[in-house]
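Have a look at the structure below before the remarks.
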């Protein structure tokens with residue numbers, strides 16, 4: 001599990017065209033954009049995290065949104 005020892009993170013979510021839908025620190029995405037539910041599909045994410053030793057970690061991938 002990647003979250004062990006992390007104290008802060010920033011998450012960014014993008015649609016398939018590369019449009020940023022979400023960006024926040026220490027709060028996960030709820031599957032919405034501008035207070036409207038996003039469609040089912042594949043979304044890309046980027047997570048920038050800091051551990052308790054102030055070392056940065058970068059995670060990239062895709063997440064499936066199913067309603």
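Quick rundown of the values:
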{"read-out": "Positions within the range 1-51 being within 14 Å of residue 61 (Cα to Cα), modelled with pLDDT of 95 or more and exposed (fewer than 11 other Cβ atoms within 10 Å of the Cβ), in sequence order", "value": "16, 18, 42"}
{"read-out": "Lone unmet requirement of (1) part of a strand (DSSP E or B); (2) surrounded by 10 or more Cβ atoms within 10 Å (Cβ to Cβ) for residue 58", "value": "(2)"}
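The values are calculated or read from the model by the stated rules, or taken from the named source; none is laboratory data. Note that the coordinates shown come from a computational prediction; the quantities given were computed from them, not determined experimentally. Backbone-built Cβ (ideal geometry, glycine too); neighbour counts: all protein chains shown.
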